[in-house]
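Note sheet for the following structure.
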Amino acid sequence: MNAIITVVGQDSKGIIAKVSAKCAEAGANILEISQSILKEYFAMIMLVELDNLKGDFAAFATAMQKSGKENGVDIRVMHEDIFNSMHRI
C-alpha cells in the first residue's frame, strides 16, 4: 500500500529531514519526493510505501499531522487510491 504525504508551510531548516525521520520511525519507505520553495513558502509531496508500517494507517496519519503542527507546517497523509480517485476527471 502506498500513500501521498503533502507538507506545506513557512520554509525553515530541516523540514525534509524531520518528515523523513518520522517516516522511517514509522516504517514508511519514501519512494519519490518533490519539493519546492516559493519565496518563504515550502511545499513538498512524497510517495511512500507503507507495507512495513508499524501500526495502522490512521495512527500514522495522525502522528504525521501532529509532527507537522509541532514543526510549524501542515502535513497531510492520504492513501494513494483515494488521492488518485480525487484527481480523476
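The values are calculated or read from the model by the stated rules, or taken from the named source; none is laboratory data. Since the structure is predicted, the reported quantities are computational estimates derived from the model, not experimental observations. Ideal geometry is used to build each Cβ from the backbone, glycine not excepted, and the neighbour counts take in all protein chains shown. The accessibility values were calculated without ligands, DNA or RNA, using every heavy atom of the protein model including side chains. Shrake-Rupley method; radii C 1.70, N 1.55, O 1.52, S 1.80 Å.
State yes or no: is Ala61 within 11 Å of the chain's Cα centre (by Cα), open to solvent by less than 40 Å² (accessible area, probe 1.4 Å) and not β-branched (Val, Ile, Thr)? Judged against the criteria, Ala61 is a match.
Summed over the stretch 25-54, the residues that are surrounded by 11 or more Cβ atoms within 10 Å (Cβ to Cβ), of a type in the set (Gly, Ala, Ser) and either modelled with pLDDT under 95 or over 14 Å from Met1 (Cβ atoms) (or both) give a count of 1.
Total residues in the stretch 11-28 satisfying the condition of being under 17 Å from Met78 (Cβ atoms) and more than 11 Å from the chain's Cα centre (by Cα): the figure is 1.
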